[in-house]
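Working notes, beginning with the structure itself.
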Amino acid sequence: MNHTRWKLARETKAVGDSAESAEAAAERSEIRLAMAFAQAVYDRRKALGLSQAQLAERAGLTQAKISRIEGADAVPTLPLLRRLATALDAALNIALDADHEEVRFVARPAA
């Protein structure tokens, strides 16, 4: 779901359509997870003082791919998650349950 459709869905709900379909709830959950991951990548990259281009080089990706990840516009695969964690010198922790998502990069201790 792109940002325009998400905004429209939010406004429709605010106007009074209080019953959310199961499909809409699932889509909202997916968006929350993508946004949590995007924020975690951004926060860790900034903590390391890296530009998107520098992170892309470390991960063997393009700057455009990093931009899509940080914009929550890309769904990362497991190998991509590993590459990003390695490039960010961190372990990736993801906790999921029915109504909460947490995504964190935890810095590796210095060797």
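The single condition among (1) surrounded by 13 or more Cβ atoms within 10 Å (Cβ to Cβ); (2) out of contact with any helix residue (DSSP H, G or I) (no Cβ under 8 Å at 6 or more places or on another chain) that Ala74 does not meet is (2). In the set (1) within 16 Å of Arg104 (Cβ to Cβ); (2) in contact with a Ser or Thr (Cβ under 8 Å, 6 or more places away or on another chain), the condition left unmet by Ala59 is number (1). For region 84-93, filtered to residues that are surrounded by fewer than 16 Cβ atoms within 10 Å (Cβ to Cβ) and in contact (Cβ under 8 Å) with a residue 24 or more places away in the chain, the residue that is nearest to Glu30 (Cα to Cα) is Thr86. Inside region 92-111, residues that are more than 17 Å from Leu33 (Cα to Cα) and part of a strand (DSSP E or B) make up a count of 2.
Among the residues of region 20-78, those identified as among the charged types (D, E, K, R) and at pLDDT below 95 are Glu20, Glu23, Glu27, Arg28, Glu30, Arg32, Asp73.
The values are calculated or read from the model by the stated rules, or taken from the named source; none is laboratory data. Owing to the predicted nature of the structure, the values given are computational and were not obtained by experimental measurement. Counting neighbours? That spans all protein chains shown, and the Cβs are built from the backbone with ideal geometry, glycine included.
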